[in-house]
Structures are given as structure tokens and as C-alpha cells.
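Student: Okay, here's the structure, questions in a sec.
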Amino acid sequence: PIESAFPKAHHSLQSRVVWGSRVVTVGGDAPVRVQSMTNTDTVDAIGTAIQVKELALAGSEMVRITVNTPEAAAAVPYVREQLDRMGIDVPLIGDFHYNGHRLLTDYPACAQALSKYRINPGNVGKGNKRDTQFGQMIEAALRWNKVVRIGVNWGSLDQELLASLMDENSARSAPWDARQVMYEALITSAIDSAQRAEDMGMRRDQIILSCKVSGVQDLISVYRELAKRTDHVLHLGLTEAGMGTKGTVASATALSILLQEGIGDTIRVSLTPQPGEARTQEVVIASEILQALGLRTFVPSVTACPGCGRTTSTTFQELAKQIDDFLRAQMPVWREQYPGVEGLRVAVMGCIVNGPGESKHADIGISLPGSGEAPAAPVFIDGEKRLTLRGDNIAQEFQVIVENYIEN
Ligand code: SF4
């Protein structure tokens, strides 16, 4: 038999990101988690809470918010309070740079309201201040019993570490190329920082690591090596992936290759929203990547053909979109009412060539009439042809059939 290509199992520890009774396990045998980040000013606590809610309802299992000023730190407990009032228990992650040590020390209510702190070792302070400031953030995590993510990013890499690795490299008889030194600096920064946190008393499973870069091949190289060198939980994402199709394709390509190898315990798709595009799009894409790989199932899947010269009308494209939109819109309610509904497979096909075949593979499918075919649309349920729709209301009638199928 041909060996299944199903993604490899993960080999990391397991972290617990907690808010109240909500526990999001990350790593180990937990499913790969989807996370995202707001782009609101955290000082606007209501606006931030609303966006966190939207992201959470779209499927983000943790949401990161910017904590960059004393005002933002002071607003964090109010963001949390608003969310709790709305019944949204998604854990919040504080994104700290430069002044996180001060904010976490001076604003204990902020430190308490967050479930996880993101620390960037590239900007926690220079020279001998570095260890002190990093230490203050770890002390806050220990005091409040929070998880940290040591998030290295090549846009803000520790320049002292990079310079020292460059010096080391130039002394080599066969020097590495500059890119390899950069990879080494990213990984060393993450692993050494984790070691310092452990030396201060953090457990390994309380530390999540990431080494984000914006190039697909660079990300694959760095994470393959990172996964070899550590059993820490890994947060995975292609940083600054860009906009629209480019950002989506680059993220999906990089993340899928690594996830297929069992690398990555939680993911974020860092898309620049296009004008008018919802922030939640990055959550939808992250979820779709995991679903396409067969790692998670979030929403029923709609199989639809691309259409071709045999397609007689755009009805089937409209129907496919209508069914897809309908299923997604219903999911927040259906998830509670009909356990397992996310595994539903629906097929909407344009003609007899592949229509009946795909429809039989789905739980429920329809094959619309193509050119030269009789004006009839056979409907397949659980692999068998059950009825044929005719006339001008095929789309509406099929939607009712799908609803009835789910309810029954
Ligand atoms: Fe064309 Fe029919 Fe194939 Fe759809 S199923 S792409 S309409 S041949």
C-alpha cells in the first residue's frame, strides 16, 4: 500500500494558556491552535474588545493585543472586563516591546488580565540592562503564573548577538554565508532566552518560542532547525506576509510545509488587510490551512468545480457561494446544536462529467445541468441519488435540503 502522507505527529511539550475556566492547551497532543492579533489602539478598550470578539467568533483561540504605552497597559483590564461581560473568554496575549518590563511591573492589573506575555528578546534592553529588563518580565510571568512567548523576529533581531556571531563566523576557516549566520542568530536568541527564563524558575512548558522571518524558504530553514534543537512549544507564522493573494499564498505555502512535518503548535497568518477587508480574514485563512491539511475541522467543506465551457450558467457558482456563506454563517449556532457538523462535506458541481462522482463522495451533493444535458439536477445524499431538482428554484430548494440534512 502507498504510505499515507498525513502530517507527522508533534513532538513538543504542552503549554496551557488560561483565562478563568477557559484553558487553551498548545503543543503536545493538542490540536494546532489558531491565533491572531488586533490592529486597534488598545487605549480604545471598547473598540479593542469588539475586534477581539470578532476574531474570537471567527475562530481565533487566543488573541494578541498591543501593549505599548502606560495608557495601553491601563486599558488592558477594561478590555478584559468588556470581553468577560460579553461572554468571550478567549485568552488575551500582551504584545510587549522595549518597555514591557516597566509596564508589567507598574500595571499589575494589566499583568493579571493577560494570559500570556510576548517578549521580544531583540528589544528588551541593551548591554547590561538586557538581563535586568528581561528578568523583570519573567518575574511578572512567575508572579502571575502566566505563559510567555519568546518571539524573535528578524526585523528586530538582537544586534549584539548578531554582531558576536558575525565575528565568530569570520574566524571560521570556512565561513558560513550571511544568511546562515542570521538563522543561527534567530535560533540562538530564542533558545538562550528560554534558558535564562528557565534559570529564573519558569518551567519549560510555560515557554513558547517563535523565530519569525518573512521569506518562505528562510522560515522553513529556521523552523526545521529550531524543532531539531528544542522541545519547546512552537508558535509558527510568516511575519509580514503582505497583502491579499501574495500574503495568503506565501503563508499557506510556508506553514503547510512545516505543519506537514509536525512543526508548529499554534499559527498566525500575518496579513496586511486590504482596504475594506475584515481583520478576521487572517483567522479564516489560518483555519483553512489547518483544515486543508486535515489537521483540524472548523467548518463544513464545500467542494465546487471551477466551471468550464460545459457550464450553462453561473447558477452553480452562485449556489456554491450561497451554500458556503450559509454554512459559515450558521456555524456559531450549529456548533452547539449539532456536534460534528463541521465535518459535513457538500458538493456543488457544474455538469455530469465530475458532478455525480464528487457528489457521491460528499455527504450531500448536487450536479447541475451542463450544456447539452437535460435541465435536471440530481441530488445525492450519503452517496446515493435521492431526488432530482428542476426549474428555476434549484438553488433555494437545495439549500433547504442541506438544512434538513443537518437538522436530521
Ligand atoms: Fe466543467 Fe463539468 Fe468539470 Fe465542472 S464538472 S469543470 S462543468 S466538466
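The values are calculated or read from the model by the stated rules, or taken from the named source; none is laboratory data. Note that this is a predicted model, so its numbers are computed, not measured. Cβ placement follows ideal geometry from the backbone for every residue including glycine, while neighbour counts extend to all protein chains displayed. In case anyone asks, the SASA skips ligands and DNA or RNA and just uses the protein heavy atoms, side chains included. Shrake-Rupley method; radii C 1.70, N 1.55, O 1.52, S 1.80 Å.
Student: Picking from 37, 292, 381, whose Cα lies most toward the positive end of the charge dipole for the chain (charges on Cβ: Lys, Arg +1; Asp, Glu -1)?
Tutor: Checking the options against the dipole of the chain, the answer is 37.
Student: Å³ per residue of the Cα convex hull, for the range 80-178? Show your work: numbers first, answer last.
Tutor: Working: hull volume 11.5 nm³, N = 99.
Spelled out: Cα convex hull of the range 80-178, divided by residues, is 116 Å³.
Student: Also, quick follow-up: Stokes-Einstein D for the range 279-378 at 10 °C, 1.306 mPa s, Kirkwood Rh over Cα pairs, in µm²/s?
Tutor: Numbers: Rh = 14.5 Å.
Estimated diffusion coefficient is 110 µm²/s.
Student: Here is a follow-up. How far, in degrees from 0 to 90, does helix 70-85 lean away from the longest principal axis of the Cα atoms of the chain, to the nearest 10?
Tutor: 40 degrees
Student: Return, for the Cα atoms of the chain, the radius of gyration and Dmax in Å, separated by a comma.
Tutor: My reading of the Cα-based Rg and Dmax gives 24.3, 80 Å.
Student: So how do 98, 117, 107 rank on accessible area, 1.4 Å probe, biggest first, that is with the largest at the start? Each step should come with its number before you reach the end.
Tutor: Values: 98 160, 117 0, 107 70 Å².
I get 98, 107, 117, largest accessible area first.
Student: Okay, next question. Could you state the principal axis extents of the C-alpha atoms in the range 171-310, from the largest down, to the nearest angstrom?
Tutor: 65, 38, 30
Student: Per residue, how much accessible surface does the range 222-279 expose to a 1.4 Å probe? Answer in Å², no decimals. Show your work: numbers first, answer last.
Tutor: Values: 2140 Å² over 58 residues.
Heavy-atom accessible area per residue stands at 37 Å².
Student: Over all directions, average the projected area of the Cα convex hull of the range 107-154 and note it in nm². Before the final figure, lay out each step's value.
Tutor: Values: hull surface 13.6 nm².
The orientation-averaged projected area of the Cα hull of the range 107-154 comes to 3.4 nm².
Student: How large is ³J(HN,Hα), in whole Hz, for each residue of the range 216-227 in order, when computed from phi with the Karplus curve 6.51 cos²θ - 1.76 cosθ + 1.60 and θ = phi - 60°, using x for Gly and Pro?
Tutor: With coefficients 6.51, -1.76 and 1.60, one gets 4, 5, 5, 4, 5, 4, 5, 6, 4, 6, 4, 5 Hz.
Student: Calculate log10 I(q)/I(0) of the range 131-186 for q = 0.14, 0.27, 0.30, 0.31 Å⁻¹, where I(q) comes from the Debye formula with a single equal point scatterer on each Cα and nothing for solvent.
Tutor: -0.53, -1.04, -1.15, -1.19
Student: What's the center-to-center distance, using Cα atoms, between the range 215-254 and the range 93-153 in Å?
Tutor: 24 Å
Student: Using alpha carbon centroids, what distance separates the range 177-202 and the range 257-336, in Å?
Tutor: 35 Å
Student: Further, regarding this structure: Let me test this: with uniform point scatterers at the alpha carbons of the range 1-78, what is the Debye-based log₁₀ I(q)/I(0) at q = 0.22, 0.26 1/Å?
Tutor: The Debye formula, applied to the Cα set alone, gives -1.04, -1.19.
Student: Compute the length gained on full extension between residue 390 and residue 297: take 0.36 nm times their separation in residues and subtract their Cα-Cα distance, giving the result in nm to one decimal.
Tutor: Contour length minus Cα-Cα distance gives 30.2 nm.
Student: Something else now. Label-point separation (nm) for residue 231 and residue 353, each offset 7 Å from Cα along Cα-to-Cβ?
Tutor: Once both label points are built, they end up 5.2 nm from each other.
Student: Counting only protein heavy atoms and a 1.4 Å probe, tell me what percentage of the range 220-267's accessible area is made up of carbon and sulfur.
Tutor: Details: 930 of 1590 Å².
Result for the range 220-267: 59 percent of the exposed heavy-atom area is carbon or sulfur.
Student: Please identify, among 99, 169, 145, the residue showing maximal mean-square fluctuation in a Gaussian network model of the chain using a 10 angstrom Cα cutoff.
Tutor: 169
Student: Right, next: When the dipole is taken about the Cα centre of the chain, and only Lys, Arg (+1) and Asp, Glu (-1) are charged at their Cβ, what size is it in debye, to the nearest 20?
Tutor: 480 debye
Student: Name the residue from 113, 68, 24 whose Cα lies farthest towards the positive end of the charge dipole of the range 14-124, charges +1 on Cβ of Lys and Arg and -1 on Cβ of Asp and Glu.
Tutor: Result: 24.
Student: Moving to a separate point now. For the chain, what does -39500 (n - 2.57) per DSSP helix run (n ≥ 4), summed and divided by total residues, give at 222 nm, in deg cm²/dmol to the nearest 500?
Tutor: Working: 13 runs with 180 residues, N = 408.
It lands at -14000 deg cm²/dmol.
Student: Determine, for each peptide in 10-18, 375-383, 147-155, the mean count of other beta carbons within 10 angstrom over its residues, then list the peptides with the highest first.
Tutor: Working: 10-18: 19.8, 375-383: 17.0, 147-155: 24.0.
My ranking of the peptides, most packed first, is 147-155, 10-18, 375-383.
Student: Kindly express, to the nearest 10 degrees and within the range 0 to 90, the angle between helix 129-144's C-alpha long axis and the longest C-alpha principal axis of the chain.
Tutor: Once rounded, the angle reads 60 degrees.
Student: Over the range 103-252, what number does the Rg to Rh ratio reach, with both radii from the alpha-carbon atoms and Rh per Kirkwood? Present the calculation step by step, with values, prior to reporting the outcome.
Tutor: Details: Rg = 16.3 Å, Rh = 16.3 Å.
Ratio value, two decimals: 1.00.
Student: How big is the dipole moment of the range 314-376 about its Cα centre under a simple scheme where the beta carbon of each Lys and Arg is +1, that of each Asp and Glu is -1, and everything else is neutral? Debye, nearest 20, please.
Tutor: Numbers: 5 positive and 8 negative charges, 13 e Å.
With only Lys, Arg, Asp and Glu charged at Cβ, the dipole is about 60 debye.
Student: Which value, in debye to the nearest 20, gives the size of the charge dipole of the range 181-320 about its Cα centre, when Lys and Arg are +1 and Asp and Glu are -1 at the Cβ? Numbers along the way, then the final one.
Tutor: Values: 12 positive and 15 negative charges, 45 e Å.
Its charge dipole is roughly 220 debye.
Student: If you build the Cα gyration tensor of the range 205-284 and take the root of 5 times each eigenvalue, what three semi-axes come out, in whole angstrom, biggest first? Working shown, then result.
Tutor: Values: eigenvalues 111, 35, 18 Å².
The three semi-axes for the range 205-284 are 24, 13, 9 Å.
Student: Turning to a different aspect of this structure: In the structure shown, do any of 8/212; 146/212; 53/126 have a Cα-Cα gap over 25 Å, and if so which?
Tutor: Violating the 25 Å Cα-Cα cut-off are 53/126.
Student: With no solvent and one equal point scatterer per Cα, compute the Debye intensity ratio I(q)/I(0) for the range 199-238 at 0.22, 0.29 Å⁻¹ and report its log10, rounded to two decimals.
Tutor: -0.70, -0.98
Student: Over the range 295-405, with every protein chain in place, what whole percent of the accessible area is carbon and sulfur at 1.4 Å, could you tell me?
Tutor: Working: 2820 of 5680 Å².
Accessible surface attributable to carbon and sulfur in the range 295-405 totals 50 percent.
Student: Considering only DSSP beta bridges where both residues belong to the chain, give the percentage that are antiparallel (nearest 5).
Tutor: Working: 15 of 51 bridges.
Beta bridges within the chain, antiparallel portion: roughly 30 percent.
Student: Among 176-186, 246-256, 122-132, how do they line up from the highest to the lowest mean number of other beta-carbon atoms within 10 Å? The partial results should precede the final answer.
Tutor: Working: 176-186: 17.0, 246-256: 20.2, 122-132: 14.7.
The most tightly packed comes first, giving 246-256, 176-186, 122-132.
Student: Picking from 103, 157, 123, whose Cα lies most toward the positive end of the charge dipole for the range 103-184 (charges on Cβ: Lys, Arg +1; Asp, Glu -1)?
Tutor: 103
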